[in-house]
Amino acid sequence: MSSYWQHGLLGCMDNCTLCLITYIMPCYTFGKNAEAVGESCCCCAMTYLFPVIHLVAAVNIRGKIRQEKSIDGTLCNDLIVALFCPFCALVQEANEIRGSPMSSYGMARE
């Protein structure tokens with residue numbers, strides 16, 4: 001069974017708090033998204049220091065989220081989104097993982 005993202009790629013403002021956090025500290029949102037799919041949040045967040053490695057990690061995390069949620073898409077599509085719209089992609093992924101609204105987007109581990 002295939003499905004689509006709950007929030008559109010340009011639906012960043014569906015959750016203003018998350019949007020603000022992501023634009024100020026994208027590594028935090030990226031780390032939380034990685035943690036939600038079983039990856040190391042620290043290692044993934046640190047990839048922001050290395051653009052090429054970060055792109056690979058972003059595509060990997062987005063793919064895992066798509067697979068976990070049975071969302072249609074391809075590796076090529078994930079690469080294009082991560083390359084040209086990284087902040088919107090992070091917000092979209094976070095909204096998908098944790099649902100909306102994201103009132104529990106804190107430091108506490110689930």
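General remarks:
- Normalised per residue, the accessible area of the chain is 57 Å², obtained with a 1.4 Å probe and no contribution from ligands, DNA or RNA.
- Among the protein heavy atoms of the range 16-97, carbon and sulfur supply 73% of the accessible surface, probe 1.4 Å, non-protein parts ignored.
- Amide H contacts of Ile71 (H built 1.01 Å from N, under 5 Å, at least 5 apart or other chain): Ser3
- Inverse mean reciprocal Cα-Cα distance (Kirkwood Rh) of the chain, Å: 13.7
The values are calculated or read from the model by the stated rules, or taken from the named source; none is laboratory data. Since the structure is predicted, the reported quantities are computational estimates derived from the model, not experimental observations. Just so you know, the surface numbers come from the protein's heavy atoms only, side chains and all, with ligands and any DNA or RNA stripped out. Shrake-Rupley method; radii C 1.70, N 1.55, O 1.52, S 1.80 Å.
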